[in-house]
Amino acid sequence: MTGPAPRTAVLISSGGMDSAVTAYDLADQGTSLILLSFDYGQRHVKELAYAARTATRLGAAHHTVDLKSVGTLLTGSALTDTSVSVPAGHYSDTTMASTVVPNRNAIMLNIAAAVAISAKADAIGFGAHAGDHTIYPDCRPLFFDKVTQSIEAGNEGLLVPGFRVLAPFLHLTKADIARRGAELKVPFEETWSCYKGGELHCGVCGTCVERREAFTLAGVVDPTAYEALSGEGSR
């Protein structure tokens, strides 16, 4: 992130490690946080409880936006349509395209912008990173630039001076996020990534594979309990 830390930021918080580290990173710089989570009819809402934990840890406000009625219209994604199986494998695999929820980040960021205007916050943010670029078009630098322009144009005269859209890890990897989280002493065991929402992380869906790989590449101990690895211990 370039420039001074924002005074107040509305941060999209999914309950996963990316948004948690983003929150801890901003809090470490003295930013007051409003965490915004979304119930958009995803396959499970277990992640929302983890987002609430992050807010509690940081003493931040936390709100969950009900978009379930929108989610019923977003068929064809493994995250919103139970007739579509959650694929196993790496994010680089073409099968992961089935986990795309159309226009999700644009919807969330525009709501975050509206909340920021009401709260007189000088920033909104989300935890997109370079590893997301292949599969998710709404995590790419081009999207970030365009959505920033759209929010600024659509809210001319309403945003506080110096308002910014933040994606501090946009050009960094998931391993970089794991390293930064370790530096900040983020309790990764209090984050949730798995698409399946079972008792434990499944260990084989795209986001579980990416999570495991990130900790390994970062050289950071992974505290996550994975169902697929229960017989050999978590990594």
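The values are calculated or read from the model by the stated rules, or taken from the named source; none is laboratory data. Note that the structure is predicted; figures quoted are calculated from it, not measured. Please note: Cβ atoms are built from the backbone with ideal geometry, for glycine as well, and neighbour counts cover all protein chains shown. Side chains included, ligands, DNA and RNA excluded: accessible areas come from the protein's heavy atoms. Shrake-Rupley method; radii C 1.70, N 1.55, O 1.52, S 1.80 Å.
Sorted from largest to smallest, which semi-axis lengths in Å does the alpha carbon gyration tensor of the range 18-95 give for its equivalent ellipsoid, taking the root of 5 times each eigenvalue?
Values for the range 18-95, descending: 28, 17, 9 Å.
As a test of reading the structure, rank His90, His63 by solvent-accessible area (1.4 Å probe, protein chains only), most first.
Result of the area sort, largest leading: His63, His90.
In square angstrom, rounded to the nearest 10, how much accessible surface does Arg53 have for a 1.4 Å probe?
Spelled out: Arg53, probe radius 1.4 Å, area about 110 Å².
Please determine, in degrees from 0 to 90 and to the nearest 10, the orientation of helix 141-154 with respect to the longest principal axis defined by the Cα atoms of the chain, where the helix direction is its Cα long axis.
Between the helix axis and the principal axis of the chain, the angle is about 30 degrees.
Could you state the accessible area per residue of the range 3-152 in Å², with a 1.4 Å probe and every protein chain left in place?
That works out to 41 Å² for each residue.
Given the chain, what percent of its DSSP beta bridges are antiparallel, to the nearest 5?
Around 5 percent antiparallel, to the nearest 5.
With r defined as the distance between the Cβ atoms of Ala182 and Ala52 and R0 fixed at 35 Å, what FRET efficiency is calculated, to the nearest 0.05?
In this case the efficiency is close to 0.95.
Order Ile111, Ile177 by their accessible area, 1.4 angstrom probe, all chains in place, largest first.
Ile111, Ile177
Show Asp145, Asp66 ordered by accessible area, largest first, where the area counts protein heavy atoms only and the probe is 1.4 Å.
I get Asp66, Asp145, largest accessible area first.
Provide the net charge surrounding Val101, with neighbours chosen by a C-beta distance below 11 Å and charges set as Lys +1, Arg +1, Asp -1, Glu -1.
That works out to 0.
At 0.36 nm per residue, minus the direct Cα-Cα distance, what do Ala225 and Arg7 gain on full extension? Give it in nm, one decimal, please.
74.9 nm is the gain from fully extending Ala225 to Arg7.
With 14 Å as the cut-off, how large is the P(r) tail for the range 59-101, expressed as percent of Cα-Cα pairs?
Percentage above 14 Å: 57.
Helix 17-28: angle to the longest alpha-carbon principal axis of the chain, degrees 0 to 90, nearest 10?
40 degrees
Sticking with the crude label model, points 7 Å out along Cα→Cβ, report the distance from Val160 to Leu172 in nm, one decimal please.
Here the answer is 2.4 nm between the modelled labels.
D for the range 156-235, whole µm²/s, Stokes-Einstein with Kirkwood Rh over alpha-carbon pairs at 20 °C and 1.002 mPa s: what number?
The estimated diffusion coefficient comes to 150 µm²/s.
Largest first, please: the extent of the C-alpha atoms of the range 79-178 along each principal axis, to the nearest Å.
If we take the Cα atoms of the range 79-178, the spans are 46, 32, 21 Å.
May I have the extent of the alpha carbons of the chain along their three principal axes, as whole Å values ordered from largest to smallest?
Principal axes ranked by extent give 57, 40, 29 Å for the Cα atoms.
Per residue of the range 76-84, what does 6.51 cos²θ - 1.76 cosθ + 1.60 with θ = phi - 60° give for ³J(HN,Hα)? Whole Hz please, x for Gly and Pro, Karplus curve as stated.
x, 9, 5, 8, 10, 10, 5, 7, 9
Quick one: helix 174-183 against the long Cα principal axis of the chain, what's the angle to the nearest 10°, folded into 0 to 90?
Computed tilt is about 80 degrees.
Just to confirm a number: summing +1 for Lys and Arg and -1 for Asp and Glu over residues other than Phe163 whose beta-carbon lies under 14 angstrom from that of Phe163, what do you get?
Computed value for this residue: 0.
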